[in-house]
1. State which residue is farthest from A:L91 (Cα to Cα) when the search covers only region A:167-220 and only residues that are free of Cβ contacts under 8 Å to residues at least 40 places away in the same chain, part of a loop (DSSP other than H, G, I, E, B) and hydrophobic (A, V, I, L, M, F, W, C).
2. Among residues belonging to region B:333-374 that are among the β-branched types (V, I, T), free of Cβ contacts under 8 Å to residues at least 40 places away in the same chain and not in a loop (DSSP other than H, G, I, E, B), point out the one that is farthest from A:S269 (Cα to Cα).
3. Quick check on my filter: what residues within region A:32-59 are under 22 Å from A:P127 (Cβ atoms), aliphatic (A, V, I, L, M) and away from chain B (no Cβ under 14 Å)?
4. For region A:199-228, which positions are away from chain B (no Cβ under 14 Å) and out of contact with any Asp or Glu (no Cβ under 9 Å at 6 or more places or on another chain)?
5. In this structure, is B:Y251 under 18 Å from the mean Cα position of the chain (by Cα), surrounded by 21 or more Cβ atoms within 10 Å (Cβ to Cβ) and of a type in the set (S, T, Y)?
6. Among the residues that make up region B:196-206, is at least one of them within 11 Å of another protein chain (Cβ to nearest Cβ), in a strand (DSSP E or B), more than 21 Å from the chain's Cα centre (by Cα) and surrounded by fewer than 24 Cβ atoms within 10 Å (Cβ to Cβ)?
7. Test each condition in (1) touching a residue at least 40 places away in the same chain (Cβ under 8 Å); (2) within 20 Å of B:F169 (Cα to Cα); (3) touching a Gly at 6+ places or on another chain (Cβ under 8 Å) for B:E239 and report the one that comes out false.
8. Look through region B:210-242, keep the residues that are of a type in the set (G, A, S) and facing chain A (nearest Cβ under 9 Å), and return whichever of them is farthest from B:T103 (Cα to Cα).
Amino acid sequence: MSESDIGLWAVPIAMLGGAIRVSTPFIFVSLGECITERSGRINLGLEGTLVFGAMSGYAIAYETSSAWLGVLGAAFFGALFGLFHGWICKLPKVNDIAIGIALMLLGMGLAFFFGKPYIQPVAPDLPALSFGFWSDVPQVQAALQVNVLFILGLVLAVAIAWMFKSTKIGLTIRVVGDSSDAARALGISANKVRLFSTAAGGALAGVGGAYLSLYYPGSWNEGISSGQGLMAVALVIFARWNPINCIWAALLFGAAGALGPALQSVGVSSGYYLFYAAPYVLTLLLLIATSSTTRALNGAPGELSISK
Amino acid sequence: MSSKFHTSRRSLIKGMAGLAGATALSSVVPGSAFAAGLTVGFLYVGPKDDFGYNQAHAEGAAAVKGIEGVTLVEEENVPETVDVQKSMESMINFDGAKLIFPTSFGYFDPHILEVAPKHEDVRFQHAGGLWSADKHPQNVGSYFGYIGMGQYLNGIAAGHATKSKKIGFVAAKPIPQVMLNINSFLLGARSVDPEITCQVIFTGEWSMAVKEAEATNALADQGVDVITCHVDGPKVVMETAAGRGAFVCGYHADQSPLAPDLYLTGAEWNWANVYTNMVQSVLAGGSIDNFVRGGLAEGFIKMSPLGPAVSDAARNQFEATKASIMKGGFAVINGPMKDNTGNVIAEAGQSFEETDVSLESMNYLVEGVIGSAS
């Protein structure tokens, strides 16, 4: 190996690499949740969908020897979970948050149950593109190994932002999310829109799960998610229901998560528990800094059960 | 609305009576079956096929299952909380378990210490806990293996393989056993070349896949070219390190299939042997010592076969050291030695043999380890 000594530069490079490597599941889950919440529903079950996506993606990739089929399969099962959530929430007097928590536990339980035989085998990984060819520093090259799904996530964020702003579908979702009464007056079925929005959100969360098991860290085990699905749901509020902001928030979380290991690797080793809390401290600080005493939850869809 | 789900008082009482009857029955039936054999309970903190800590214990449990007269009950993913107390109680009350192996370190205090006094006829065998006769109940025992010796041998293989003179360790939590492993890994490597340093990164959790991968990448970024770990499931560390082109040394179980070319060797548990002996001695009417320890010689631990990247010089030193460990009395910490903050931990001429109980409360990292425990 010919790694050169880069000293303290390791920290920013690791944070850059961490932002790219770790953020992708956050991007997909938060984009998915963004669509769901803009239609006026909260799906807290995405943690379960993420874990089930990780398991089903890994299992399908292993059985078919194709990582991309795994991603598609994960999206399919994610959509099923979303449809299930949307269908139950359609029934009268059902609370979407409670159903979300139930689906989270169901998704994880099912994933653990069906995932048992797939902990040991090694499935094919998703390919990565090397954007570090211009540098001869191996650490930079390693940090700039970018997975196709990350790029897809960026493109998707722009596409979703455009969809909300200037397409009929986007407008329909926003109307349903902001006022069911207005939607009904326009002849739009709020439940149908929410059903499909939740399904789309579930499918994206499934893809986020497939990234976890098929690229980074790149294997299926029961501790693979460690709460990332829940964090991503919180990110949506942090990003003020804006898909582009979801990207920044996800990158920030990825980078902050890489801070702890990177600092230890350059010798700043005391108090590492505090560094591991960095993403959460950062969230708190930013939320406090951007909060307002005059407006409540700027940008929140009107029909959301937390803003009603 | 409410009438739809209303349960009549009569059906409620009926249900409760049935439940109570079933409870009474199930605690009687296994009790009578016990005369013919022994029900052994195993509790794992994670999934039992994690390529690591829990798999090593589960392989031991599988060996016990084959013994005639033994009924095995297992539960995985039991958190180190009051949950483990409930699981143990249910194994005792419902399955009639008389010998229980709560295998995770954090199960001991306060959970085993809470449950054990209530069930004096049940034996609790805890992996790694510091049982002491004056403080803890007599029906609790602790057992562990001197796997630090395995990490010392890992270190020898690593010391020969490293070109950058930097080796790395992904560690979960700074508990004594982890510290001993880190120190042993470095000292093994330093027996090859005293210039070698070992970079350690603590993840703070026994199982946290993304953080383990980040830690491994951070080590590789620093030019570390041999990596080992002490986390519950080493699969992520092994695959990530091998993906970065670093050599790997295994831990807990054999991970060579994950990186066939870059796997040097690994320190593995051999619980099948240990558990079989314990269960057979109970079946024969004997007892288990409260304090059981063993190393390579006693068959508590074993080494993975050396990988293709191990040189002949490395192989010779590895085998010679292994042979002298097998003889017993081998010491990793030999004075004069300082820790990495400059405190003296061993005077000249002082050494701590593998069986020294003071090693089980190790709270320092030796000179040459880059990292800190807090």
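The values are calculated or read from the model by the stated rules, or taken from the named source; none is laboratory data. None of these values were measured; they are calculated from a predicted model. Positions of Cβ are backbone-derived with ideal geometry, glycine not excepted, and every protein chain shown enters the neighbour counts.
1. By that ranking, first place goes to A:L186.
2. Going through the qualifying residues, I end up with B:V357.
3. Of everything in region A:32-59, just one residue is under 22 Å from A:P127 (Cβ atoms), aliphatic (A, V, I, L, M) and away from chain B (no Cβ under 14 Å), namely A:A59.
4. A:A199, A:A200, A:G202, A:A203, A:G206, A:V207, A:A210, listed by residue number.
5. yes
6. Yes; the residues of region B:196-206 include at least one that is within 11 Å of another protein chain (Cβ to nearest Cβ), in a strand (DSSP E or B), more than 21 Å from the chain's Cα centre (by Cα) and surrounded by fewer than 24 Cβ atoms within 10 Å (Cβ to Cβ).
7. Unmet for B:E239, out of (1) touching a residue at least 40 places away in the same chain (Cβ under 8 Å); (2) within 20 Å of B:F169 (Cα to Cα); (3) touching a Gly at 6+ places or on another chain (Cβ under 8 Å): (1).
8. Among those residues, the one meeting the criterion is B:G223.
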